[in-house]
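Reviewing the structure listed below.
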Amino acid sequence: MNFKRKYIVAIILGVLSLALWWNITADIPIATLKAKYANATSRFVEIEGMQVHYRIEGKGFPIVLLHGTSASLHTWDKWVEALRPHYQVIRLDLPAFGLTGSHPQHLYAGKDYVRVLHTFLQTLRIDSCYLGGNSLGGYISWQYALAYPDAVKKLFLIDAAGYPNENPKPWVFWAARTPVVNQVLQYITPKFVFRNNLEQVYGDDSKITDSLVTRYYELGLREGNRASFVARCQLNQDSAYLQIPKLKMPVLVQWGAKDVWIPVSHAQKFKKDLPQARVIIYPQAGHIPMEEIPEKTVQDFREWVER
């Protein structure tokens with residue numbers, strides 16, 4: 001009987017191992033991704049051992065755009081089309097994401113991103129700009145504005161992270177923080193995982209195209225990006241948000257009412273701490289309104305920034 005049980009267990013383990021092996025999703029080499037996702041405006045600069053991917057388009061006063069978790073500079077494509085005739089638009093793939101990839105020491109705290117961003121802007125000789133971002137990019141933006149208030153003339157925050165979040169963490173963040181599961185996540189990341197994430201962050205799923213899912217999926221599988229995501233998710237909530245009331249520059253807060261990652265109530269938290277802020281809520285949008293409804297969000301941004 002013991003032999004039969006061992007035999008059955010061995011078969012089950014064998015089947016599970018085969019299933020895991022069959023579903024392993026290999027990293028995509030950076031050369032392959034560059035050929036597809038870099039273009040004639042793409043540039044790379046070495047910062048802290050990384051080749052940071054960025055683009056500069058247009059002429060005029062600089063606007064710096066920062067993307068969110070698991071995204072890339074492509075999330076701003078439609079905004080850039082509208083802004084580059086009037087401004088110098090600068091965007092980059094943040095460390096851990098896009099073509100930039102991992103930080104060699106996996107340094108992903110807020111202060112680390114602020115340091116990298118400052119080095120980046122100093123390298124480009126950008127001493128003054130309009131700065132903003134979405135989600136993680138918004139979190140970095142307001143922290144940078146606290147550290148270098150004279151450099152940020154206006155600050156815009158789109159579904160920005162920072163305050164303690166009362167919502168349950170999305171399952172992918174839970175998985176990245178769970179031992180063993182997070183190791184599997186670095187090797188088995190089917191394409192449907194990325195589609196599921198997009199269905200969570202979009203208010204209108206009909207706007208999610210196959211090409212959009214493919215872009216998130218392929219850049220998510222850049223060498224090292226999955227390990228970086230897991231490393232970032234080990235960080236705990238910090239208390240930097242207590243400093244937000246110190247921001248004195250003009251602030252625009254844009255938010256999707258259907259955001260299930262960072263609830264729309266956080267827009268009012270920014271408004272409470274920043275009485276000078278203008279707040280715009282988009283009833284049908286989710287967590288990334290600048291990508292989901294780019295025409296409306298960039299129009300509102302231009303009306304605000306040009307006042």
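In the stretch 57-116, which residues are under 18 Å from Tyr216 (Cβ atoms), of a type outside the set (A, V, I, L, M, F, W, C) and out of contact with any His (no Cβ under 7 Å at 6 or more places or on another chain)?
Hits for the stretch 57-116 are His67, Gly68, Thr69, Ser70, Ser72, His74, Asp77, Lys78, Arg91, Gly101, Ser102.
Identify the single condition in (1) assigned to a loop (DSSP other than H, G, I, E, B); (2) surrounded by fewer than 16 Cβ atoms within 10 Å (Cβ to Cβ) that Ala161 does not satisfy, given that it satisfies every other one.
(2)
For Phe173, only one of the following conditions fails: (1) in a helix (DSSP H, G or I); (2) more than 16 Å from Asn225 (Cβ to Cβ). What is its number?
Unmet condition: (2).
Given the options Arg215, Arg226, name the one that is farther than 27 Å from Val180 by Cβ and under 19 Å from the mean Cα position of the chain (by Cα).
Just one listed residue meets the conditions, Arg215.
Say whether the condition of being touching a strand residue (DSSP E or B) at 6+ places or on another chain (Cβ under 6 Å) and not aliphatic (A, V, I, L, M) is met by at least one residue in the stretch 227-248.
no
Go through the stretch 86-105 and give me each residue that's more than 22 Å from Thr32 (Cβ to Cβ) and more than 16 Å from the chain's Cα centre (by Cα).
Matches in the stretch 86-105: His86, Tyr87, Gln88, Val89, Gln105.
If we keep just the residues of the stretch 90-122 that are within 12 Å of Val52 (Cα to Cα) and polar (S, T, N, Q), which is surrounded by the most Cβ atoms within 10 Å (Cβ to Cβ)?
Within the stretch 90-122, the match that is surrounded by the most Cβ atoms within 10 Å (Cβ to Cβ) is Thr100.
Is there any pair linking a residue in the stretch 153-174 that is within 13 Å of Thr69 (Cα to Cα) to one that is polar (S, T, N, Q) and assigned to a loop (DSSP other than H, G, I, E, B), with Cβ under 7 Å and at least six apart or on different chains, and which?
Asp159/Ser135; Ala160/Ser135; Ala161/Ser135
Any idea which of Tyr241, Tyr202, Tyr187, Tyr216 is over 28 Å from Pro104 (Cα atoms), of a type in the set (Ser, Thr, Tyr), in contact (Cβ under 8 Å) with a residue 40 or more places away in the chain and in contact with a helix residue (DSSP H, G or I) (Cβ under 9 Å, 6 or more places away or on another chain)?
Selected residue: Tyr202, the only one of Tyr241, Tyr202, Tyr187, Tyr216 that is over 28 Å from Pro104 (Cα atoms), of a type in the set (Ser, Thr, Tyr), in contact (Cβ under 8 Å) with a residue 40 or more places away in the chain and in contact with a helix residue (DSSP H, G or I) (Cβ under 9 Å, 6 or more places away or on another chain).
Looking at Val201, is it over 21 Å from Ile30 (Cβ atoms), among the aliphatic types (A, V, I, L, M) and at pLDDT 95 or above?
For Val201, the condition - over 21 Å from Ile30 (Cβ atoms), among the aliphatic types (A, V, I, L, M) and at pLDDT 95 or above - is met.
Taking the stretch 245-297, which residues are in contact (Cβ under 8 Å) with a residue 60 or more places away in the chain, aliphatic (A, V, I, L, M) and closer than 12 Å to Tyr202 by Cα?
Val260, Ala285, Ile288, Met290 - these are the residues of the stretch 245-297 that are in contact (Cβ under 8 Å) with a residue 60 or more places away in the chain, aliphatic (A, V, I, L, M) and closer than 12 Å to Tyr202 by Cα.
Look at the stretch 25-78 and say how many of its residues are surrounded by fewer than 18 Cβ atoms within 10 Å (Cβ to Cβ), within 26 Å of Val193 (Cα to Cα), under 19 Å from the mean Cα position of the chain (by Cα) and among the small types (Gly, Ala, Ser).
Counting residues in the stretch 25-78 that are surrounded by fewer than 18 Cβ atoms within 10 Å (Cβ to Cβ), within 26 Å of Val193 (Cα to Cα), under 19 Å from the mean Cα position of the chain (by Cα) and among the small types (Gly, Ala, Ser) gives 1.
The values are calculated or read from the model by the stated rules, or taken from the named source; none is laboratory data. Quantities reported herein were computed from a predicted structural model and do not represent experimental measurements. For neighbour counting, all protein chains shown are included, and Cβ atoms are generated from backbone atoms with ideal geometry for every residue, glycine included.
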